[in-house]
Amino acid sequence: MKLSTAFLFLCATSASAFIAPTSHRSIATTRLQSTTEEAPATTTTTTEEAKNTNVAQTEDTSRDKVMTFSYDMSMEPKYEKPTYPGTGNGMSGDSGEYDIIVIGSGMGGLSCSALSAKYGSKVLCLESHIKVGGSAHTFSRMHDGGKYSFEVGPSIFEGLDRPSLNPLRMIFDILEETMPVKTYKGLGYWTPSGYWRFPIGSREGFEELLREQCGEDGEKAIREWDALRARLKTLGGSTQAVALLNLRQDAGFLATTAGSLPFVLKNPDVFGDLSLTFDDLSKTVDEFVTVPFLRNFIDTMCIFCGFPAKGAMTAHLLYILERFFEDSAAFCVPIGGTCELGNTLQRGLEKYGGKLQLNAHVDEILIEDGRAVGVRLKNGNVVKARKAVVSNATPFDTVKLMPKQEEEPKGLTKWRDDIGKLPRHGAISHLFLAIDAEGLDLSHIDDPAHLVVQDWDRSLQDSQNLCSFFIPSILDKTLCPEGKHVIHVYSSGGEPYEPWEKLTPGSDEYEAYKKERVEVLFSAVERCIPDVRDRIEFSIIGSPLAHEAFLRRDRGTYGMAWAAGTSAPQSGILGSVLPFPFPNLKTPVDGLLRCGDSCFPGIGTPSAAASGAIAANTMTHVDNHLQMLSEASKLDPMYKFLDAGFMGQVYKPLVQGMTPSSELRTDRFTTGAGAAPVDYSASDPNVSDRVDL
């Protein structure tokens, strides 16, 4: 989900509030075509206490409980991690020297790599796995001569079919890459009261749903929904005043977000809502919404970020309020599988001269004199980084790449401890089904994506209460043989890891526990296909141990879990003035940045991609960033607001000497290199064609 960015452009607009703006929002014809084919802060305790708490909280869950899991990454694992065939041995990768090295090819890492390459840097993206895409990849199995392909991660995407506010789609368009999709217009719900469907792209359809499901409280629910939307209207509108792709983490953001000035002048009340953006959404929901059905719906819309309304940022709902009720809104199925997200970004990376190396596991981030200078691979080869190293690994996996050194700065030691002990969501269990569809009547459903809730009085973070199933082959016939279907069923991110880590894959105990824990997933699909077990061609159970190995996520975690309402550790200056629930993408090590779902704007494929874009923007000169925004604004009328316009040029001379910020510069990048050195004191009011070499 896309988040509001009002808070980040207010500094720029407050300084420019008395300068008359020049409008840049003229109507234009598009040259882009549709690709549619018809918790509160957690106190760290001892490792053993944390383990006991992690498991205990899942044994008796209630609706108002916010669950997070804690581990101390400075401690050695008690049990040996299993290895799985099909994940690679990590022994590839050559020595070399690049401007930027990116660790991990998830959506954040690939977006950072591709945009950095477009900005003119020599980029290497290193992936430990043999597949690209991180959590968004696909695997296949042969059965009776037929090929069956399964998703392993996210499955619900909106706004990939045409130019939209989805940051991932924006990045595709900026890279001039396309990804064919099929679309559908709803999300199925299987709940204690039966089946119902959320109709995306239809305000009238949603109001009718409220009337049907809320009975005599139907009109009340509509009034409460309208009141909630009205309360958040200004913040929601900011999503079309400045985009996540306008952001960067240095003084240059004053220029790149300056195009938002007209919105702020028209809506000065946005200043008063800054803290609300990051505050616990449930506070606002409690103020306006009382009808149980509507409260349940809001919780399920938030749960994709890891939390229900309690624990989720208000910002997580803004995109839904603004976008999901427009006529053109639709969910999308990438043709060929979720892997096409990564494949599309990889094409963009390589088009601009970047390189992706698979099966290349990074063992260590090399630090010299307080600066990240490269990485050491598992095979012993060293790759040097002239400008920066960016980690797309989880924070828990990143700290494992930075062993403590003697006499290291105290700030680095504290950062490593803080990051390594951050609360996280639990693990995920998976069930992959290949079924015979002969005689199967699915006319009672309209969509491939479904949520299943066992009990509204239990936590939606409970892996035995909430799950999803996805039947992409309803729309994408390339995923399996004719007359068959593939189904991916997965739990919410609340599966405790401790019962799993002591088990040996392949043992009788392990296999029995797998069947026990995924029984709820089988039952979920039976709500839709009662005879699904009789139709099975083959099935695969993915445990948290497999999730950890295949997706390279410590203990199979769904992601970082800092509940909204307070600032996360290492959240920087912003965290001192606002309840900013993310650690800084910058680190105490010069030339080392992070991106991915543990950075702003959080969990989710679009958000992870946006974090990579912000990292790439931060590493390049503001001139390059402004040029990219100007070019993107001409691709489609939807993107006009990306252009910083006249005010961006006003601010540029004031900030360009500070971009990139000092810790990202070496002598080479201060003086420029090659045929077109960057002049950091340039005062040319026009965006130049120079690149940050």
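Quick note: the coordinates plus some simple rules give every number you see, no bench work behind them. Nothing here was measured: the structure is a model prediction, and the numbers come from that model. Glycine gets a Cβ as well: all are built from the backbone with ideal geometry, and neighbour counts include every protein chain shown.
Quick one: order Cys528, Cys467 by neighbouring beta-carbon count within 10 Å, fewest to most.
Cys528, Cys467
Report, in debye and to the nearest 20, how large the dipole of the stretch 273-372 comes out about its Cα centre when Lys and Arg carry +1 and Asp and Glu carry -1 on their Cβ.
Rounded to the nearest 20 debye, it is 300 debye.
Lys484: which aspartates and glutamates have alpha carbons under 20 Å from its alpha carbon, excluding same-chain residues fewer than 8 sequence positions away?
Partners found: Asp144, Glu151, Asp436, Glu438, Asp441, Asp446, Asp447, Asp476, Glu526, Asp531, Asp534, Glu537.
Only sites in a loop by DSSP and with at most 13 other Cβ atoms within 10 Å count here; which trypsin sites (Lys or Arg not before Pro) in the stretch 362-408 make the cut?
Counting only loop positions with at most 13 other Cβ atoms within 10 Å, the trypsin sites (Lys or Arg not before Pro) in the stretch 362-408 are Lys404.
Can you find, among Ala360, Phe288, Phe150, the residue sitting farthest towards the positive end of the charge dipole of the chain, where Lys and Arg contribute +1 and Asp and Glu -1 at Cβ?
Result: Ala360.
Can you give me the C-alpha center-to-center distance between the stretch 436-462 and the stretch 233-254, rounded to a whole angstrom?
Taking the Cα centre of the stretch 233-254 as reference, the centre of the stretch 436-462 is 36 Å away.
Arrange Lys640, Lys283 by Cβ neighbour counts within 10 Å, fewest through most, would you?
Listing Lys640, Lys283 from fewest to most nearby Cβ atoms yields Lys283, Lys640.
Taking neighbour counts of Cβ atoms within 10 Å as a proxy for exposure, in what order, fewest first, do Asp417, Asp250 appear?
Fewest-to-most Cβ neighbours within 10 Å comes out as Asp417, Asp250.
What is the packing order of peptides 629-638, 141-150, 454-463, taking the mean over residues of other C-beta atoms within 10 Å and listing the highest first?
454-463, 629-638, 141-150
Find how many whole Å separate the alpha carbon centroid of the stretch 201-224 from the alpha carbon centroid of the stretch 302-319.
When both Cα centres are located, 21 Å separates them.
Which of Ala312, Phe580, Ala615 sits farthest toward the positive end of the charge dipole of the chain, with +1 on the Cβ of Lys and Arg and -1 on the Cβ of Asp and Glu?
Of the candidates, Ala615 comes out farthest on the positive side.
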